[in-house]
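The values are calculated or read from the model by the stated rules, or taken from the named source; none is laboratory data. Owing to the predicted nature of the structure, the values given are computational and were not obtained by experimental measurement. A quick note on method: Cβ atoms are made from the backbone with ideal geometry, for glycine too, and the neighbour counts reach across all protein chains shown.
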Amino acid sequence: MSPFLFVLVMEVLQLMMQQLIDQNEGFSYHWLCKELGLFQLCFANDLLLFCKADVASVHVFRRGLDEFAKLSGLHANLQKSQLIISWSAQEERDHLIAALQFQEGHLPLRYLGLPLLASRLSISDCQSLLLKVDSRIKGWDSIQLSFAGRLQLIKSVLMSLNVYWAMAFILPKGVIREVEKRMRYFLWKGNSTVGYPKVAWSSVCRPIEEGGLGIRDILALNKALMCRHLWNVIQDN
């Protein structure tokens, strides 16, 4: 299904769900979503539903999905769909799983390559980022790259991995140091584990017109991207 069609059909599902919620006094919003009246998010052909962990609320979602399936022929994939419960007694969890008929998932989980967390990232949460950087560098070990070639790969490939994470989270400084260490070793020696820098990394990250190599400072980039979120909130975007 194309993204445009997905948006259209999800709009119908949202209206159907909203009607059921308005008609059913037993539905309860998730406590973090109640003020906004938020129960549904859609992105990249995926659907997220939020409610309080009680059977009455889950039954509303189950009914909405069933009615939507009858009208559209689109069914939730039971093999890929998950029910994630933040906390509840085991008996209550079993009732919720039986009502929605989804597999039980557990936090933290990954969505579009990023961890879904309600707290700040820890270094352990970012291990996949470090592994991706290591994997990319290892894949280039067998290629005879010039200094200019390694510099271009850092700018175009390794930095894009960091930007993707930096747009969504405040990265731990320990993770930034580890990423920059790998990039530094790769730049000067061609791998991520050995070697020593010939120029201070702060000088390398300066703009070309100031005598640097134009590699972005990840910490400064992360702060700028987080400020963009604050600006969007202030501007009510």
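Figures for the structure shown
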| quantity | calculated |
| --- | --- |
| The listed residue being touching a Phe, Trp or Tyr at 6+ places or on another chain (Cβ under 6 Å) and touching a residue at least 24 places away in the same chain (Cβ under 8 Å), out of Ile218, Ile154, Ile170, Ile137 | Ile137 |
| Per-region count, the range 181-200, residues at pLDDT 90 or above and touching a Lys or Arg at 6+ places or on another chain (Cβ under 8 Å) | 2 |
| Residue within the range 216-233 that is at pLDDT below 95, of a type in the set (A, V, I, L, M), closer than 23 Å to Asp141 by Cα and loosely packed, with under 11 Cβ neighbours inside 10 Å present | no |
| Residue within the range 128-140 that is out of contact with any helix residue (DSSP H, G or I) (no Cβ under 9 Å at 6 or more places or on another chain) and closer than 21 Å to Pro108 by Cα present | yes |
| Check on Leu161, closer than 30 Å to Tyr111 by Cβ and either surrounded by 16 or more Cβ atoms within 10 Å (Cβ to Cβ) or modelled with pLDDT of 90 or more (or both) | yes |
